[in-house]
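A short worksheet on the structure shown next.
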Amino acid sequence: MAIVPLITLILLLGFLTGANFFSLGACTFLIVMQLSRYLSDRWIDAVSITREIPSLTMQIDQTLSVGLKLENRSGFVIPWMLVEDRIAKRDTQSPPIALKLLLLPARLQWIAARRTYLKTYSMLLQRRGYYQIGPTLLETGDLLGLYRSFRIACEPQHVTVLPKLVELEGLEFASRRPMGELKVDDRVLEDPTLMVGLREYQAGDPMNRVHWKATARTGKLHTRIFQPTSVQGAMLLIDMHQATNPQNNEPIRSDLSVTAAASIAHWLYSNSEPFGLISNGRDAAERVRASKESKRFDDRTEATKNIDMKTNSDRLRPIILGANRTPEHFQEIHHLLARLERTDGLQLHELIQETESRIPKMLSLIVIGQQFDPAGIATLESLSRRGFAVSILLNCHRDVYFERCGPLVTAGLRVEQLEDEESLKHLNALALLAR
């Protein structure tokens with residue numbers, strides 16, 4: 001050990017100079033320091049941590065219980081150890097609080113030799129999102145407070161809190177597009193594959209609808225009658241750019257946009273209709289950092305540096321999930337909406353230009369946003385003129401609704417207001433999806 005030569009030198013100097021008490025005191029201090037460091041390092045390495053979370057996918061207003069299993073694998077008795085499961089302060093302190101801690105995730109623990117302990121804490125999940133639980137930070141030190149050791153002992157886990165699914169009351173989705181599965185009363189467009197009867201020929205009936213067998217049998221011209229049908233499906237486009245989703249409305253308004261998209265997608269899924277998602281938002285899973293190597297640290301600041309999720313991402317690629325109607329597709333969209341965040345990447349008009357080729361014309365396009373700039377309105381108007389069934393779900397308070405609605409109506413776009421979850425229940429989806 002490097003301290004042995006130093007102690008020998010001090011004792012020799014004390015003997016030569018006659019400062020025996022000083023040299024003995026200095027040597028004792030060095031021995032205590034070395035022993036403190038040795039014990040602190042052994043204690044911090046002796047404990048292993050295992051985290052247990054019942055489910056990584058939760059619903060809003062559910063309680064998440066987290067269990068920490070502490071195992072002392074050595075023969076050392078550890079007088080004290082602070083076990084702290086790290087949770088970002090912005091999730092537990094910044095209003096509106098996303099994770100309400102019911103039991104604190106930090107415990108001061110006395111640990112006996114070769115013993116196992118189970119500690120639990122819980123939190124109330126109050127907002128949808130993608131949250132990091134952990135990593136677990138261990139701290140211990142000698143009883144004199146001369147030396148402390150820190151270690152990252154357990155990798156983080158990530159919990160997805162799904163957005164609410166609001167039950168939409170009395171909806172009748174109908175985009176007036178032919179060849180669908182929904183029977184409608186509007187006979188402007190009929191499905192030529194679904195014949196429901198015959199009638200006598202009337203002036204103006206096209207000749208390709210004449211039923212020649214019935215005509216030959218009766219001696220009079222008869223025309224086939226078809227069932228009018230419609231496609232109900234929709235592509236959901238959510239604008240999450242920071243310029244059109246101002247910070248003073250956050251996170252209430254962006255969460256409401258996500259809730260609306262999830263609820264409409266769920267309604268379409270429940271009725272076996274196709275649905276898809278397009279957004280310029282950011283997937284929170286992209287902010288996950290690589291786990292730190294589990295090693296000792298001498299300073300808490302260094303130990304906790306860069307262990308939380310990143311606060312930004314430079315992604316410019318849009319989020320696109322094509323139209324489908326399977327349970328797996330809805331689950332994928334539901335989870336993605338839970339992780340969706342605002343970004344400073346593509347603006348709305350840039351997003352549409354990038355993804356237009358992926359938007360099916362047979363499906364209605366529902367655009368959900370808080371406000372629309374002139375470039376975005378012009379792009380949406382151009383889409384409408386080229387045959388897309390474009391409708392706007394304007395997410396704003398009634399005080400500013402008419403101001404923001406005016407330019408959209410002038411451009412010939414259908415607009416519905418989304419003020420709160422109660423208004424979402426009574427959403428006029430027929431107006432949104434009608435042509």
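Values for this structure:
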read-out	value
Unique residue being at pLDDT below 85 and farther than 27 Å from Gln132 by Cβ when the list is Pro228, Pro274	Pro228
Flag for Ile152 being part of a loop (DSSP other than H, G, I, E, B) and either surrounded by 14 or more Cβ atoms within 10 Å (Cβ to Cβ) or not assigned by TED's automatic domain parsing to the domain that holds Ile31 (or both)	no
Some residue of region 98-112 being charged (D, E, K, R) and free of Cβ contacts under 8 Å to residues at least 60 places away in the same chain	yes
Qualifying residue in region 331-338 (condition: among the acidic types (Asp, Glu), in contact with an Asp or Glu (Cβ under 8 Å, 6 or more places away or on another chain) and under 22 Å from Ala265 (Cα atoms))	no
Residue ranges of strands (runs of 3 or more DSSP E) in region 54-130 with at least 1 members more than 24 Å from Arg300 (Cα to Cα) and either assigned by TED's automatic domain parsing to the domain that holds Ala338 or of a type outside the set (Ser, Thr, Tyr) (or both)	57-59, 63-72, 99-101, 116-125
Yes/no for Thr326 being touching a Phe, Trp or Tyr at 6+ places or on another chain (Cβ under 9 Å) and among the polar types (S, T, N, Q)	yes
Matching residues in region 298-329 - criterion: being at pLDDT 85 or above, small (Gly, Ala, Ser) and more than 30 Å from Glu273 (Cα to Cα)	Ala303
Residue ranges of helices (runs of 4 or more DSSP H) in region 323-435 with at least 3 members of a type in the set (A, V, I, L, M, F, W, C)	327-339, 348-355, 374-385, 398-410, 429-433
Leading residue by the ranking (nearest to Val161 (Cα to Cα)) among those in region 317-328 that are in contact with a helix residue (DSSP H, G or I) (Cβ under 8 Å, 6 or more places away or on another chain) and either surrounded by fewer than 15 Cβ atoms within 10 Å (Cβ to Cβ) or in contact (Cβ under 8 Å) with a residue 60 or more places away in the chain (or both)	Pro327
Of the criteria (1) at pLDDT 95 or above; (2) surrounded by fewer than 19 Cβ atoms within 10 Å (Cβ to Cβ); (3) touching a helix residue (DSSP H, G or I) at 6+ places or on another chain (Cβ under 6 Å), which one Ala378 fails	(3)
Selected residue (criterion: nearest to Phe330 (Cα to Cα)) from residues of region 268-278 that are assigned to a helix (DSSP H, G or I) and either aliphatic (A, V, I, L, M) or touching a strand residue (DSSP E or B) at 6+ places or on another chain (Cβ under 9 Å) (or both)	Tyr269
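Residue-by-condition table, conditions (1) in contact (Cβ under 8 Å) with a residue 12 or more places away in the chain; (2) among the aromatic types (Phe, Trp, Tyr); (3) touching a Leu at 6+ places or on another chain (Cβ under 9 Å); (4) within 30 Å of Tyr147 (Cα to Cα):
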site: Gln34; (1), (2), (3), (4): yes, no, no, yes
site: Tyr38; (1), (2), (3), (4): no, yes, no, yes
site: Arg42; (1), (2), (3), (4): yes, no, no, yes
site: Asp61; (1), (2), (3), (4): yes, no, yes, no
site: Ser74; (1), (2), (3), (4): yes, no, no, yes
site: Met81; (1), (2), (3), (4): yes, no, yes, yes
site: Ser94; (1), (2), (3), (4): no, no, no, no
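The values are calculated or read from the model by the stated rules, or taken from the named source; none is laboratory data. As the structure is a prediction and not an experimental result, all values here were calculated from the model. Using ideal geometry, Cβ is built from the backbone for each residue, glycine included, and neighbour counts are taken over all protein chains shown.
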